[in-house]
Amino acid sequence: MNRNDAAGPIIVFDAECILCTANAQFVLKHDHNRHFRLASMQKEVGAALYRRFGIDPANPESMIVVAGDRLFRDSDAVLAIYAGLGWPWKAVSLLRAIPRFLRDPVYRWLARNRYRIFGRRDACWVPSPGDADRVL
């Protein structure tokens with residue numbers, strides 16, 4: 001079994017959100033070790049992961065990263081992604097030095113207003129054939 005079959009963290013994101021899909025595309029482009037897998041909250045795998053952690057998939061307040069039984073949400077999810085991408089992106093994870101009570105309100109405001117600020121796709125984003133195996 002390769003590293004991506006069961007061990008890699010899963011990023012659950014909003015595939016209708018332009019900002020969220022840009023982030024997913026960024027991960028696919030810069031995750032040279034193929035560490036992460038992605039799941040859209042609009043599809044069954046992503047929705048099931050949201051429900052598993054008590055989040056309504058129809059009205060999520062956060063993108064999440066699931067690593068086994070561990071959940072990262074809000075700004076911790078973003079920082080976990082950058083930490084997992086390796087250098088130079090890993091340097092962004094140094095922002096963990098900023099207390100969560102300061103980071104999370106900024107993240108939550110952006111998440112609540114993501115469609116208004118960045119826009120919404122009419123249809124879910126679909127990965128390229130070369131990355132299709134990384135999207136659940």
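The values are calculated or read from the model by the stated rules, or taken from the named source; none is laboratory data. Computed from a predicted model, the values in this text were never measured in an experiment. For accessibility, only protein heavy atoms count, side chains too; no ligands or nucleic acids. Shrake-Rupley method; radii C 1.70, N 1.55, O 1.52, S 1.80 Å.
With both residues required to sit in the chain, DSSP beta bridges show an antiparallel share near 60%.
Taking the convex hull of the alpha carbon positions in the chain and averaging its projected area over all directions gives 8.3 nm².
Accessible surface of the chain, 1.4 Å probe: 58 percent of it comes from carbon and sulfur atoms. Mean sequence separation of contacting Cα pairs (under 8 Å, at least six apart), scaled by the length of the chain, corresponds to a relative contact order of 32 percent. P(r) for the range 96-136, from all Cα pairs and a bin width of 5 Å, is 5, 17, 14, 13, 14, 17, 15, 4 %, short bins first.
Normalising by residue count, the range 38-81 has a Cα convex hull of 66 Å³ per residue.
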